[in-house]
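As structure tokens, the structure follows; a few thoughts come after it.
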Amino acid sequence: MCGIVGYIGNSNAVDTIVKGLTRLEYRGYDSAGVAVPDGDDIVIIRAEGKLENLRKALEGKKINSNMGIGHTRWATHGRPSEANAHPHRSGHIALVHNGIVENYLALKQELVEKGYKFTSDTDTEVLAHLIEVFYKGSLPEAVRKATEKVRGSYALAVISSKEPDKIVVTRKDSPLVIGVSPSTGEYLAISDIPAALFITRDFLTLNEGEMAVLTGNGARLYDSSGAEVYRRTKHIDWDPAMAEKAGYDDFMLKEIHEQPHTIIDTLRGKVVPDAGKVVLGELSALEGSVSKIERILVLACGTSWHSGLLGKIFIEKYAHIPVEVEIASEYPNRDLPLNENILCICVSQSGETADTKSAMRAAKSRGGKIVAMCNVVGSAIANEADYVLYTHAGPEISVASTKAFMSQAMTFLLLALWLGEKRKITDNNVISSALDEVLRLPEKIGQLLETAQEIKAVAEVYKNTKHFMYLGRHYNCPIAYEGSLKLKETTYIHAEAYASGELKHGPIAMLDENFPVMAFAPAGKVRDKIFSNLQEAKARGSKVIAIMSESSRGDHPECDHQLYVPECSEEQSPFLTVIVAQLFAYFTAKGLGKDVDKPRNLAKSVTVE
């Protein structure tokens, strides 16, 4: 979740690195720093807190180097402080590091016995000293030998004052990609693509255990044995403006409003509505064994887990395959053999989520067949899976996920229809009808977004409440979970979420006049049951906000507030009701003066377990 930017080119390195780090602020951090060669030395400047503090520390310093490394740190070892900030150094070596060195205490003891002194509480400083120990005139070789002693995860960018013409980078279980711009003679090592979009949209992926050496002449890749690897660049169709706010007050609001386009991008190339077909070319090699699938296991965390809960309903309806949705961090502790007829879908926006990565590897070791569902091309989960379904949500900057959920949920619906057709469970007329409605969703979401001020008005009423209850049934039960999570993430208000039928089995004990309820009750077969539950809540004095279909306007006046979504089938209502939940959380947080894009204690990509 920390940010890395390494740069070599013909521009001022410090300015370029700080600009790149600014584009990684969404990942969450507590300190920042840069390191650049300066003659026979390396200049390191660090600061606790926001990047603005680093900029102030850099003021007045004339540093004209054309290469260097930078970092934004989120504390895992040692409290946030200037001393614990990256880059760290040992003699002529300086480096930045994402990940965790699990055996750092044992390594630290060895280094102390050799006479090395430690000036920080971090595990990263061990790596700097180790590389200096192994340095015998070749920085790449020293990095390779040092990492062989490391147990854990790392993305490293290393420089040496003895070799001031190169940056050596390597990765294991932490994200790192190479941005290349041969036309301008600029090369970058970055932990996430948005950091380099102001220079290039061409990237080289760095696979597990690989190393890259960046010089002014290019980037060369090597495998773990030191043999050179040749790989084509990948072009990313994101322009720099996509990673900016585009006139919105916050990235979260911008990304909520991008969701009509998110659906279009997710569908592009995957649907033939007139023929009643879903085309998933990425899974073509799986077609022959679809009929043999016994069950599906979804592994995910947080918002992705909620999309999996919705995906379970879609797949069981259209493909008649039993689906289990597991919290990824819990799955490796389970002891259950799998086989090639059990399909494991690992869901992660970043493709780097550590818990999901561990769960995927556990499932693979037990014999499961792995499908990755992620948003980032060349990410670790995508690289290690047997098959990949890219969600095509584009960059999502706000920590609180919105459009990534939308694209994941839509990808699950497409997968369900595809599986149903391949298994001859769902005929083309049913698929055509579902796709026709899907294609109308962007317009309906656009209409719903025009009612944002109505949602804002209700949020203003409840912004000072201390508790909230979210309720939903069937398709909208996962939306209750997701809505509750969004409120917690952005406002820090205590929120509970339940299948509404569970209310009377315990949670109702909490309800009173100070514990309002938000219920997702669009038109459909379970709507009346939800309103029965709401009567129970009203009888305990709770205020009730009901999310209803336009056709229900004016019904149920006993509800204290009513918010409406455009008419649609019950099955596709979650794509609309989730917008209400997102906007309610956003406006409540803004009313409380919270930083919606960077909530406290959270980071965008959780790359530690």
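The values are calculated or read from the model by the stated rules, or taken from the named source; none is laboratory data. These numbers were taken from a predicted model, which means no experiment stands behind them. Virtual Cβ from ideal backbone geometry, glycine too; neighbours counted across all protein chains shown. Only protein heavy atoms, including side chains, enter the accessible area calculation; ligands, DNA and RNA are left aside. Shrake-Rupley method; radii C 1.70, N 1.55, O 1.52, S 1.80 Å.
Here's the yes/no breakdown for (1) in contact with a strand residue (DSSP E or B) (Cβ under 6 Å, 6 or more places away or on another chain); (2) at pLDDT 90 or above; (3) within 23 Å of Q453 (Cβ to Cβ):
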{"position": "Y492", "(1), (2), (3)": "no, yes, no"}
{"position": "F515", "(1), (2), (3)": "yes, yes, no"}
{"position": "K529", "(1), (2), (3)": "no, no, no"}
{"position": "Q535", "(1), (2), (3)": "no, no, no"}
{"position": "K543", "(1), (2), (3)": "no, yes, yes"}
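Where strands (runs of 3 or more DSSP E) fall wholly inside the stretch 458-527, the ranges with 2 or more residues that are without any contact (Cβ under 8 Å) to a residue 40 or more places away in the chain and not acidic (D, E) are 494-499. Taking each residue of the stretch 547-576 that is part of a strand (DSSP E or B) and looking for partners that are of a type in the set (F, W, Y) with beta-carbon atoms closer than 7 Å, six or more apart or interchain, yields I547/F520; M548/Y564; S549/Y564.
Against the conditions (1) crowded, with 24+ Cβ neighbours inside 10 Å; (2) in a strand (DSSP E or B), E125 satisfies every one except (2). A single entry from G247, G226 fulfils the requirement of being closer than 30 Å to N12 by Cβ and of a type in the set (G, A, S): G247. Could you tell me whether P164 is part of a loop (DSSP other than H, G, I, E, B) and closer than 30 Å to S398 by Cβ? Taking the combined requirement at face value, the residue does not satisfy it.
Condition check ((1) closer than 25 Å to P37 by Cα; (2) without any contact (Cβ under 8 Å) to a residue 12 or more places away in the chain; (3) of a type in the set (S, T, Y)) across all residues:
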site	(1), (2), (3)
G179	yes, no, no
Y187	yes, no, yes
I190	yes, no, no
F198	yes, no, no
L206	yes, no, no
A212	yes, no, no
Y248	no, yes, yes
P260	no, no, no
T266	no, no, yes
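Counting only strands (runs of 3 or more DSSP E) that sit completely within the stretch 189-307, those holding 2 or more residues that are among the hydrophobic types (A, V, I, L, M, F, W, C) and closer than 30 Å to A362 by Cβ correspond to 202-205, 211-215, 295-300.
Here the stretch 218-258 is the region considered, the condition is being polar (S, T, N, Q) and in contact with a strand residue (DSSP E or B) (Cβ under 9 Å, 6 or more places away or on another chain), and the residue that is modelled with the highest pLDDT is T233. Number of residues in the stretch 441-451 that are touching a residue at least 12 places away in the same chain (Cβ under 8 Å) and open to solvent by 10 Å² or more (accessible area, probe 1.4 Å) equals 7.
Looking only at residues in the stretch 222-234 that are touching a residue at least 24 places away in the same chain (Cβ under 8 Å) and under 20 Å from R144 (Cβ atoms), which one is surrounded by the most Cβ atoms within 10 Å (Cβ to Cβ)? For the stretch 222-234, the residue satisfying everything is Y222.
Among the residues of the stretch 383-404, just one is more than 20 Å from L24 (Cβ to Cβ), open to solvent by less than 10 Å² (accessible area, probe 1.4 Å) and not hydroxyl-bearing (S, T, Y), namely L389. Look at (1) over 23 Å from D597 (Cα atoms); (2) among the small types (G, A, S); (3) crowded, with 22+ Cβ neighbours inside 10 Å and you find that S11 fails only one, number (3). Filtering the stretch 340-354 for residues that are surrounded by 18 or more Cβ atoms within 10 Å (Cβ to Cβ), in contact with an Asp or Glu (Cβ under 6 Å, 6 or more places away or on another chain) and within 30 Å of D192 (Cβ to Cβ) leaves a non-empty set. Within the stretch 58-94, being crowded, with 23+ Cβ neighbours inside 10 Å and out of contact with any strand residue (DSSP E or B) (no Cβ under 8 Å at 6 or more places or on another chain) holds for no residue.
Summed over the stretch 20-50, the residues that are open to solvent by less than 10 Å² (accessible area, probe 1.4 Å) and within 23 Å of E186 (Cα to Cα) give a count of 9.
For the stretch 11-46, how many residues meet the condition of being closer than 25 Å to S398 by Cβ, at pLDDT below 90 and touching a Ser or Thr at 6+ places or on another chain (Cβ under 8 Å)? Here the count works out to 5. Applying the criterion of being in contact with a strand residue (DSSP E or B) (Cβ under 7 Å, 6 or more places away or on another chain) and surrounded by fewer than 22 Cβ atoms within 10 Å (Cβ to Cβ) to the residues of the stretch 452-472, the residue that is farthest from D528 (Cα to Cα) is K466. When we screen S379, S329 for residues that are farther than 24 Å from T266 by Cα and either modelled with pLDDT of 95 or more or among the hydroxyl-bearing types (S, T, Y) (or both), the only hit is S329.
For the stretch 190-207, the criterion of being modelled with pLDDT under 95, farther than 25 Å from N12 by Cα and open to solvent by less than 10 Å² (accessible area, probe 1.4 Å) is met by at least one residue.
Among the numbered conditions (1) touching a residue at least 60 places away in the same chain (Cβ under 8 Å); (2) within 17 Å of A13 (Cβ to Cβ), the only one that V34 does not meet is (1).
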